[in-house]
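The values are calculated or read from the model by the stated rules, or taken from the named source; none is laboratory data. Everything numeric here is computed off the predicted structure, so don't read it as measured data. In this analysis, Cβ positions are derived from the backbone assuming ideal geometry, glycine residues included, and neighbour counts consider all displayed protein chains. When the accessible area is computed, the model is the full protein with side chains, heavy atoms only, and any ligands, DNA or RNA have been set aside. Shrake-Rupley method; radii C 1.70, N 1.55, O 1.52, S 1.80 Å.
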Amino acid sequence: MYTRILLKLSGEQLQGQYDGGFDIERASWIADQLRPLVEQKKQIVIMVGGGNYARGAQLASEQIPRVTADNIGMLATLMNALALASVLNSKGVPARALSNIKADQVVDQFTHRRALSHLQKGRVVIVAGGIGRPYLTTDTAAVSLALEMDCEVVLKATKVDGVYDKDPEQFGDAVKLEHVSFDEALQNVDIKIMDKAAVGLAMEHHTPVIVFALLTDGNIGRVVAGDGAGTLIG
Ligand code: UDP
């Protein structure tokens, strides 16, 4: 159902079985999940997070100003993008990393034209560096990138299979919601699955967001096919 998608992969997803760093096995599994979609000519843009290495808000302190901490967080996403692109390519899924932080020696700079050209050649585009400015997270950057690249939907990969009426890890009777309006996602303080800034941006531009469980085999495909897996925010 969707042809061009924005997939948000957080550092937590990329660290897989480890407490930090990059899990090659997890990335290989992701490559296997993406391959059939690429073969079906789906165009995939991935925004990678960096929380498996650094998060600005956690690092910011008296000794490290917030802007520096966020810069470190953005640099962390570069490592994920480089590693993920390598794994995807090695598994026969053509991919290119582009960065919103200029780092010419290691990665091509993101430009709209370059990203579009890769997509048109059937390559997965992995974007690093968020949007290249501090005080933001890669969730918000993901929505912004989806708008810029004209993606029809933002797919937010998580460890839970959608948005619940209360924390499913704490409450056994938590109920999964099929659909949550933008208003509800914005106003309900218990819905923490995505930053409010990201939800607000998606709302303003009517870009649907689907929260889904990454680790269920075939789930990315189901979500892209629009078969109702996960929770639709929109
Ligand atoms: N970041 C930023 N600007 C952006 C995107 C990210 O400053 O446009 C920084 C911010 O410090 C953030 C870190 O990069 O904490 C890593 O991204 P994020 O926390 O979103 O990663 P995730 O939680 O998805 O792994």
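Overview of values
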item	result
Region 51-82: number of residues that are open to solvent by 30 Å² or more (accessible area, probe 1.4 Å) and of a type in the set (Gly, Ala, Ser)	3
Flag if Val160 is out of contact with any Leu (no Cβ under 7 Å at 6 or more places or on another chain), assigned to a loop (DSSP other than H, G, I, E, B) and open to solvent by 60 Å² or more (accessible area, probe 1.4 Å)	no
Hey, Ile131 of a type in the set (A, V, I, L, M), at pLDDT 95 or above, part of a loop (DSSP other than H, G, I, E, B) and under 28 Å from Leu232 (Cβ atoms) or not	yes
Members of region 111-157 found to be surrounded by fewer than 22 Cβ atoms within 10 Å (Cβ to Cβ), within 14 Å of the ligand (Cβ to nearest atom) and within 18 Å of Leu84 (Cα to Cα), listed by number	none
Answer residue from region 7-35, given it is in a helix (DSSP H, G or I) and under 13 Å from the mean Cα position of the chain (by Cα) and is farthest from Asn80 (Cα to Cα) among those	Ile30
So Met74, is it near the ligand (Cβ under 8 Å from one of its atoms), under 17 Å from the mean Cα position of the chain (by Cα), over 24 Å from Val223 (Cα atoms) and not in a loop (DSSP other than H, G, I, E, B)	yes
Residue among Met1, Met74 that is of a type outside the set (Ser, Thr, Tyr) and at pLDDT below 95	Met1
Unique residue being away from the ligand (no atom under 11 Å from the Cβ) and outside any strand (DSSP E or B) when the list is Ala54, Ala97, Ala81	Ala81
Residue check, Ala103 out of contact with any Asp or Glu (no Cβ under 8 Å at 6 or more places or on another chain), in a strand (DSSP E or B), of a type in the set (Gly, Ala, Ser) and open to solvent by less than 70 Å² (accessible area, probe 1.4 Å)	no
Cβ-Cβ under 8 Å pairs, at least 6 apart or on other chains, region 54-66 side without any contact (Cβ under 8 Å) to a residue 24 or more places away in the chain, far side of a type in the set (Val, Ile, Thr) and near the ligand (Cβ under 8 Å from one of its atoms)	Ala54/Ile72; Leu59/Ile72; Ile64/Ile72
